[in-house]
1. Report the extension gain between Ala36 and Thr52 in nm, rounded to one decimal, defined as 0.36 nm multiplied by the number of residues separating them, less their alpha carbon distance.
2. What residues qualify as long-range amide H neighbours of Val34, i.e. H under 5 Å apart, gap of 5 or more or another chain, H built at 1.01 Å from N?
3. Of all accessible surface on the stretch 38-80 at a 1.4 Å probe, what whole percent is carbon and sulfur?
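The values are calculated or read from the model by the stated rules, or taken from the named source; none is laboratory data. From a predicted model like this one, the values you see are computed outputs, not experimental measurements. These accessible areas exclude ligands, DNA and RNA; they are computed on the full protein's heavy atoms, side chains included. Shrake-Rupley method; radii C 1.70, N 1.55, O 1.52, S 1.80 Å.
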Amino acid sequence: MSKRVLWCASLALLAILAPAELTAQERRITGRVVQAGSGEPIIAAEVSVAGTARAAVLTSANGQFTIMVPAGDVRLSVRA
């Protein structure tokens, strides 16, 4: 019985700590995409992490975006 309790406790601890470990390897970048010169926001521009298969995000009506990226240096790609 004590092995079963230990196994259940270990599983519960893993379930609690695993999401924290996964999010610790990523960070959030927020920004705004605007037209050079005029400063007008670009609506529905596609922002992605260059060189990865991660899903892109679209900018909002005021050109803002939020994207989760891996830890370390990244290069963002913008397509309008």
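1. 3.1 nm
2. Amide H to amide H, under 5 Å and 5 or more residues apart or across chains, Val34 pairs with Ile42.
3. 51 percent
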